[in-house]
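What follows is calculated from the coordinates using simple rules that are stated; it is not laboratory data. As the structure is a computational prediction, the values presented were derived from the model and not from experiment. Cβ placement follows ideal geometry from the backbone for every residue including glycine, while neighbour counts extend to all protein chains displayed.
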Amino acid sequence: MIVKEELLSKLRRYFDLNLYEVKLWTALLSRGVSTAGELSDIADVPRSRSYDVLESLEKKGFVVMKLGKPIKYIAIPPNEVVDRVRKGMHLESQEKIKRLETVKGSPLLAELESLHTNGIALVDPSEVSGCLRGRTNLYNHLELLMKDAKNSINVMTTEKGFIRKVEGLMPTLEKASKRGVKIKIAAPITKENKKLADSLKGIAEVRHNGKVASRFVTVDGKDLVFMTLDDDSVHPSYDLGIWVKTPYFTGAIDQMFNQFWATK
């Protein structure tokens, strides 16, 4: 049996399986019931590995071992497998969340914070910079900076970027606003995103920007994140941002931003 590499790749990603597991599972699905030896030949998996891989699939709920000799394996219907995997992932994620929650306020976190505080104090500010690859990493870092904002957050973005930021960072912006942080956002305001702009009343000042094509965020005149690519032509996974912590450069960007703001 030949299974396309594309299908095997998708199964590995969606079901969190290794290559041998997806090969043996798809082989068993094609037979319904089979022995480890038969599946090994069909799937081109070494016989020395087939038993432990099938045992792993059994523990994960993909197959059932049939009683009798020779030992045979029965395929679980794919729809049931999806439900089992989803349930398992949910339970596992909940367990991990609970474990992480116990770290908050614990001596372990205090020790980690102490290590970071003492370590960062020894670093030259010019060294505190980084490359943020992928839109998820970009927004995670923006959220981190905004959580610590004390005075100002200035944002210049695109039409789509405005929608993403409001939808993804609204809770963080709301909390910053309640702390007294002054938030300004310049972006193209259109019929598609005007409702989102209106939803920011009392949280941030929003002004239309139809001239300057740029994407950047400054926080407290110290931290700057600027995106280097056009979000209309780059896949989210390949989006790229540069973070720098430098009052001198960030202050200059803020000055240009405020000059633009004053003309509106």
Three-way shape label, the stretch 83-225, alpha-carbon gyration tensor, a/c 1.5: oblate
Chain lengthening between MET65 and LEU112 when straightened (0.36 nm per residue, less Cα-Cα): 12.3 nm
Radius of gyration and maximum dimension Dmax of the chain, Cα, Å: 26.2, 84
For the stretch 5-96, the Rg and Dmax computed from alpha carbons only, in angstrom: 13.1, 40
Potential lengthening between MET89 and MET170 on full extension [0.36 nm per residue; Cα-Cα distance subtracted]: 26.4 nm
Neighbourhood charge, 10 Å Cβ-Cβ cut-off, centred on LYS72 and excluding it, Lys, Arg +1 and Asp, Glu -1: +2
Label point 7 Å beyond Cα of GLU159 along Cβ direction - residues of the stretch 228-248 with amide nitrogen under 20 Å: 229-236
Label-to-label distance, nm, for residues given as GLU6 and TYR238 (7 Å Cα→Cβ offset): 1.9
Estimated distance in nm for a label pair at TYR51 and GLN255, the labels positioned 7 Å out from Cα along Cα-to-Cβ: 7.5
Cα-based reach from LYS87 at 27 Å (exclusive), listing lysines while leaving out same-chain residues under 8 positions away: LYS10, LYS23, LYS59, LYS60, LYS66, LYS72, LYS96, LYS98, LYS104
Relative contact order (percent, whole number), the stretch 5-96, Cα cutoff 8 Å, 6+ residue spacing: 24
Cα-projected label distance for ASP198 with LYS96, points at 7 Å along beta-carbon direction, nm: 4.0
Net length gained if the chain between VAL33 and VAL212 were fully extended (0.36 nm per residue, minus Cα distance): 58.1 nm
Relative contact order (%) - the stretch 119-264, alpha-carbon pairs under 8 angstrom, separation at least six: 32
Euclidean distance of C-alpha centroids, the stretch 92-108 and the stretch 164-204, integer Å: 31
Relative contact order (percent, whole number), the chain, Cα cutoff 8 Å, 6+ residue spacing: 15
